[in-house]
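What follows is a set of notes on a single structure, which appears directly below.
A short reminder: the numbers here are calculations on the coordinates, not readings from a lab. Predicted model only: the values in this text are computed from it and were never measured. Methodologically, a virtual Cβ is constructed for each residue, glycine included, from the backbone with ideal geometry; neighbour enumeration extends over all protein chains shown.
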Amino acid sequence: MDRRVIGVETEFGITHTGGTHRGLPPEEVARYLFRPVLRWGRSSNVFIPNASRLYLDVGSHPEYATAECDDLLDLIASDRAGELIMHDLAQRAEAAMTEDGFDGSVYLLKNNVDSQGNSYGSHENYLIPRTTHFRRLSTILLPFLVTRQIMVGAGRLVPATDETPAHYAFSQRADHMWEGISSATTRSRPIINTRDEPHSDAAVHRRLHVIVGDSNMSETTSLLRYGATDLVLRMVESGIPVGDFELENPIGAIRHISHDITGQASVKIRHGGEQTAVDIQARLLDRARRFVRENGAHHDRVEQIFELWERTLQAVASGEHAPIERDIDWAIKKRLLIDVAERGGLPMGHPKLEQLDMAYHDVHPTRGVFNLLAARGRASTQLEPERIQRAIVDPPATTRAALRGRFLSTARAMGSEHTVDWVHHKLVDRPLDALMLKDPLSAEDPRVDTLLGRLGERVATLREQSLEERRAQELPLALSERYKLGHPQELAEPPLI
Amino acid sequence: MSTQPQKRPQGGNDDGAAPEAAGAVGANAQAQKRAGELDSLLDEIDSVLESNAEEFVKGFVQKGGE
């Protein structure tokens, strides 16, 4: 697919600490966190004006699902906006809790594992054609996903156990995967989940749901993660021979690779032989480059993705990680841990280092360690801060998200009861006019205009508020009202006939 | 929207024509500058982290998600 819808769902860890008493448990903090959301939408599961979804998931995890994006930088901007939205809510929760006598700090961590080994995810969704041969898809995609962690893993300081000393691993999630492909999520997590809710025309599309990924802090790492995966999917869809990397034991392999930061771990290929993750990725990169030479680049970041892909593989293969220490999450974090350990003479596994591993993922703009590194130029970025701010309030402009955003913000401004989800758009007063928008790639639909027109002629007086006006509203910025209703006098005189 | 240029470490002294000895002095100054920057970063991180690392880590317990 030249234009592909991609979305990412992020579950955040949550904790409260540092007050005079013991911190509140996560479910209590989550309740405070979602108070403004509940007040705004009378539910803790809502679509917000930027067309993304904000909700409290299983296990009291605050979760943010980006709207449909067909551009990698829109996707990364929306995902980063999610961090800032959570931060805004966390600040408000902290203030409300302090008022109730629970002082201390609220932490929202965009990571994937807590101190007891509970895991929560970063789920990627890729729209693929229904015609994609699923067996072919899995034989190519599974080895790619199992080995992708050496490029886009978020890195983890693994605490010591009876068998292994404390050590640094590529991935947060690798140890929490139990199957290659299945329909489970919490019970037994697969790398690819077969839940096929395309949120579109199921005769044309299916949704590929990848739940093996780590949550990334780095925009550069994110670009490589989504960009390389999209390129591999393009090759799968094109039907070209890609090579045989089918793994004998994907789950054994994913762990084996994660725990060997030297990149030398080799894994068994089903049809014979052993290869390292670098071998497999290098062949896929090579194939992808040839594919693009023959078919052309489908967006203007393809060369940048190839360069990052190659540079990262070289760094892993050589053990010389310096060239990627500003760009790749696991390497950025590893550099920092080594610096701190050396300065303080701390052994690997020291609580201070474990704390740093977690604090790297703190979404707080001036406390989160990744954000501190980025502010000092020790981590690269891809987006201007202004673009991320806009993504807090603006839906992506080129997909169905634009329609959803306009629909829900218009209905709110007109005071009209409504419900929306990924596909459905309904005004409660006009149930028979409910719309199903089944093309996620379409940002225009006259039916939406017609339906919104039925809200009355004052729709014509709606004016879009500026970012400043929206910041001035009492609500969290992400929930601020997009439109302001004008005076009835602003309506033009009806033409004389 | 443009990609931010990659910052590359500056090699040696500002003076491009500096002889080797001056280059070594420059590299030394550079290394000192980097060490100073690192100290300042680590101090900043220390100032924002919860002081009881062990309590922070142990207190971070979630229910499983997904």
Square roots of five times the Cα gyration tensor eigenvalues for the range A:393-490, Å: 21, 17, 12
What ranking do A:332-340, A:202-210, A:156-164 get when scored by the average of other Cβ atoms within 10 Å per residue, highest first? A:332-340, A:202-210, A:156-164
Hey, what's the per residue convex hull volume over the C-alpha atoms of the range A:6-389, in cubic angstrom? 145
Once you order the gyration tensor axes a ≥ b ≥ c over the Cα atoms, which shape class does the range A:442-492 get: rounded for a/c under 1.5, otherwise prolate or oblate by comparing a/b with b/c? oblate
Potential extension, A:Gln116-A:Glu469 segment - 0.36 nm per residue separation minus Cα distance: 122.7 nm
For the range A:43-130, I need the span (max minus min coordinate) of the C-alpha atoms along each principal axis, in Å, sorted largest to smallest. 53, 33, 25
Computed about the Cα centre, the charge dipole of the range A:410-457 from +1 Lys/Arg and -1 Asp/Glu charges at the Cβ has a magnitude in debye, to the nearest 20, of 100
Length-normalised contact order of the range A:393-490 in % [C-alpha pairs under 8 Å, at least 6 apart]: 29
Work out the FRET efficiency for B:Ser47 and A:Gln264 from their Cβ-Cβ distance, taking R0 = 35 Å, and round it to the nearest 0.05. 0.35
Amide H to amide H under 5 Å from A:Val158: which residues, 5+ apart in sequence or cross-chain, H placed 1.01 Å off N in plane? A:His167, A:Tyr168, A:Ala169
Grab the Cα-Cα distance for A:Glu294 and A:His167, subtract it from 0.36 nm times how many residues apart they are, and report the gain in nm with one decimal. 41.4 nm
Each residue of the range B:35-52 in turn: what ³J(HN,Hα) in whole Hz from Karplus with 6.51, -1.76, 1.60 and θ = phi - 60°, glycine and Pro shown as x? 4, x, 5, 5, 4, 5, 5, 5, 5, 4, 4, 4, 6, 9, 6, 4, 5, 9
Do you know the Lys pair count in the protein assembly as shown for C-alpha distances under 23 Å, with sequence separation 8 or more or different chains? 17
For the range A:177-298, Kirkwood radius (reciprocal of mean inverse C-alpha pair distance, Å): 16.4
Using only Cα atoms and rounding to the nearest 10 degrees, what angle (0 to 90) does helix A:329-344 make with the longest principal axis of chain A? 60
